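In what follows, a structure is listed as structure tokens, so that the remarks can point back to it.
The values are calculated or read from the model by the stated rules, or taken from the named source; none is laboratory data. All of these numbers come straight from a predicted model, not from anything done at the bench. Here Cβ is always computed from backbone atoms with ideal geometry, including for glycine, and neighbour counts include all displayed protein chains. Ligands, DNA and RNA are excluded from the accessible area calculation, which covers all protein heavy atoms including side chains. Shrake-Rupley method; radii C 1.70, N 1.55, O 1.52, S 1.80 Å.
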Amino acid sequence: MEPWTTSTVHGLRHLLNEWDPIGVADDVQDEYDCMLGPLLRKLTAGADRAEIGGYLRHELEDHFGLGSVGLRPDAMADRVIAWWTLADEAEGAGGA
């Protein structure tokens with residue numbers, strides 16, 4: 001069993017769907033679910049902005065076949081880490 005909650009998974013899914021690098025989240029809510037487990041494992045292990053940004057860049061280029069220019073994977077990495085910090089704090093306080 002993974003160490004994160006259903007609400008944590010839903011929160012990260014929502015964040016990825018807001019980013020929506022291929023522009024399909026309005027029609028396909030689970031398009032980015034392939035990134036949920038790897039991102040959550042990286043976050044749980046203490047990954048920093050560079051590691052998260054590198055993973056997102058790799059997924060954009062190698063998995064989705066996109067260039068990362070204009071999609072700002074490093075800015076998204078900042079958002080993911082900020083979200084994770086808040087989710088982790090809420091979890092520790094009995095939330096999430």
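Table: residues versus (1) among the hydrophobic types (A, V, I, L, M, F, W, C); (2) in contact with a Ser or Thr (Cβ under 8 Å, 6 or more places away or on another chain).
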residue	(1), (2)
Thr6	no, no
Val24	yes, no
Leu40	yes, yes
Thr44	no, no
Ala50	yes, no
Leu66	yes, no
Met76	yes, no
Arg79	no, no
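Does Ala25 fit the bill of being outside any helix (DSSP H, G or I), among the hydrophobic types (A, V, I, L, M, F, W, C) and at pLDDT 95 or above? No; evaluated as a whole, the condition is false for this residue.
Selection of segment 66-96 for residues being open to solvent by less than 60 Å² (accessible area, probe 1.4 Å), modelled with pLDDT of 90 or more and out of contact with any helix residue (DSSP H, G or I) (no Cβ under 8 Å at 6 or more places or on another chain) yields Ala75, Ala82.
Of note, Gly11 satisfies the criterion of being touching a residue at least 24 places away in the same chain (Cβ under 8 Å), over 24 Å from Gly65 (Cβ atoms) and assigned to a helix (DSSP H, G or I).
The set of residues from segment 55-82 being free of Cβ contacts under 8 Å to residues at least 40 places away in the same chain, in a helix (DSSP H, G or I) and of a type in the set (Lys, Arg) comprises just one member, Arg57.
Within segment 32-51, the only residue that satisfies the criterion of being farther than 13 Å from Leu12 by Cα and in contact with a Lys or Arg (Cβ under 7 Å, 6 or more places away or on another chain) is Glu51.
Looking only at segment 1-56, residues that are within 16 Å of Ala87 (Cα to Cα), among the basic types (Lys, Arg) and open to solvent by 60 Å² or more (accessible area, probe 1.4 Å) come to 1 in all. Just one of (1) part of a loop (DSSP other than H, G, I, E, B); (2) in contact (Cβ under 8 Å) with a residue 60 or more places away in the chain fails for Glu31. It is (2).
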